[in-house]
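S.K.: Quick one: the structure is below, and I'll ask about it shortly.
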Amino acid sequence: MEGANIVVTDIDGSLEVGGALRSKIDLLDELVGEINRGQSRAMALKLDVTRQDEVQACIDQTTSAFERIDILINNAGSLAGSDNFLSTTPDQWDASFRVNLLGPMMMAQAVIPVMQDLGGGRIINIGSTGSLGAEPGFGAYTAMKHGLVGLSKTLAAEFGVDGILCNTVCPGYIATDMHTAANGRLAAESGVSLSDIKRRRYAGVALRDAGLPSDVAHAVAFLAGPQADYITGINLPVTGGVPAGL
């Protein structure tokens, strides 16, 4: 993947970084600047994956700039509906569905014709241990991540004839902003310290700690590269050894 042209996207809004609110678009622009100082070309686009018009505009702008799309990584995620199951609402489940499942579906529908014209491509969906098992308090998220695995396997089966491979990377506890926020919520709900929550959650992890975003990136790079030319329709756990069925 070295030297690949890259399009990074995010929904408009803000994100807390280092205790301060930062514009997501500004953060994307900074990332693009960092990438462009290397051997790749990059650009940033505003994208709400729940809006079909923005999805198609993203694909059109990408093909206009770079003339092709060889790799799609569906990484948008939402913890909407993360609560006791009986407390969740249909609106929360709908919000989770639109980001975690409908968005990847629309992105795939928009990009597959481009890949077919090129004679192949890679689609990598970012799932979760929630794609493989379940954990109390994450019903909507878990249901949609299970659905994402089904989407990946469907795309692998249907478009392998076109040279399009589709796989799911299933991270476990990865030290992202979303994971940190979930730890904080669980600590507050349980009335215990953040360190206690970490010990409880990571007790079933063989390595007893959360992974890093780079651990997921390495798995994605493998599936996107030539060493994975005969791999499609799989779920690749990046979990530090979480027992099956969590």
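The values are calculated or read from the model by the stated rules, or taken from the named source; none is laboratory data. Note that the coordinates shown come from a computational prediction; the quantities given were computed from them, not determined experimentally. With ideal geometry, Cβ positions are generated from the backbone for all residues, glycine too; neighbour counts draw on all protein chains shown.
S.K.: Please enumerate the residues belonging to the stretch 151-193 that are basic (Lys, Arg) and either outside any helix (DSSP H, G or I) or within 15 Å of Phe138 (Cβ to Cβ) (or both).
M.R.: Of all residues in the stretch 151-193, those basic (Lys, Arg) come to 153, 185.
Selection gives Arg185 alone.
S.K.: If you don't mind, another one. Please return the ranges of strands (runs of 3 or more DSSP E) entirely within the stretch 10-120 where 2 or more residues are of a type in the set (D, E, K, R) and surrounded by fewer than 18 Cβ atoms within 10 Å (Cβ to Cβ).
M.R.: Values: elements: 14-17, 20-23, 42-46, 71-74.
Correct list: empty, since no element meets the threshold.
S.K.: Moving on to the next point. Given the condition at pLDDT 95 or above, touching a Ser or Thr at 6+ places or on another chain (Cβ under 7 Å) and surrounded by fewer than 17 Cβ atoms within 10 Å (Cβ to Cβ), answer yes or no: does some residue in the stretch 130-148 qualify?
M.R.: No, there is no match, as no residue in the stretch 130-148 is at pLDDT 95 or above, touching a Ser or Thr at 6+ places or on another chain (Cβ under 7 Å) and surrounded by fewer than 17 Cβ atoms within 10 Å (Cβ to Cβ).
S.K.: What's the total number of residues in the stretch 220-239 that are within 16 Å of Leu155 (Cβ to Cβ), part of a helix (DSSP H, G or I) and small (Gly, Ala, Ser)?
M.R.: The qualifying residues number 2.
S.K.: Restricting attention to the stretch 202-217, which residues are more than 10 Å from Gly172 (Cβ to Cβ), in contact (Cβ under 8 Å) with a residue 24 or more places away in the chain and either among the β-branched types (Val, Ile, Thr) or not in a loop (DSSP other than H, G, I, E, B) (or both)?
M.R.: Pro213
S.K.: On the given criteria, is Asp60 without any contact (Cβ under 8 Å) to a residue 60 or more places away in the chain and farther than 30 Å from Gly119 by Cβ?
M.R.: Considered against the rule, which asks whether it is without any contact (Cβ under 8 Å) to a residue 60 or more places away in the chain and farther than 30 Å from Gly119 by Cβ, Asp60 comes out as no.
S.K.: Quick one: Gly13 ticks every box in (1) under 28 Å from Cys166 (Cβ atoms); (2) without any contact (Cβ under 8 Å) to a residue 24 or more places away in the chain; (3) not basic (Lys, Arg) bar one, so which box is it?
M.R.: (1)
S.K.: Also, quick follow-up: Starting from residues that are at pLDDT 90 or above and charged (D, E, K, R), keep the ones in the stretch 156-195 and report whichever is nearest to Arg208 (Cα to Cα).
M.R.: Glu158
S.K.: If you check Ala134, Ala156, Ala210, which single one turns out to be farther than 20 Å from Asn84 by Cα, of a type outside the set (S, T, N, Q) and in contact with a His (Cβ under 9 Å, 6 or more places away or on another chain)?
M.R.: Ala210
S.K.: Which of (1) over 25 Å from Gly240 (Cβ atoms); (2) at pLDDT below 95; (3) under 18 Å from the mean Cα position of the chain (by Cα) does Asp83 not meet, given it meets every other one?
M.R.: (3)
S.K.: So, one more: What about Val216, is it among the aliphatic types (A, V, I, L, M), more than 14 Å from the chain's Cα centre (by Cα) and buried (at least 17 other Cβ atoms within 10 Å of the Cβ)?
M.R.: So Val216 fails the test.
S.K.: If you don't mind, there's one more thing I want to ask. Inspect the stretch 224-238 for any residue being within 21 Å of the chain's Cα centre (by Cα) and either exposed (fewer than 13 other Cβ atoms within 10 Å of the Cβ) or without any contact (Cβ under 8 Å) to a residue 40 or more places away in the chain (or both) and give the result as yes or no.
M.R.: Checked the stretch 224-238: no residue is within 21 Å of the chain's Cα centre (by Cα) and either exposed (fewer than 13 other Cβ atoms within 10 Å of the Cβ) or without any contact (Cβ under 8 Å) to a residue 40 or more places away in the chain (or both).
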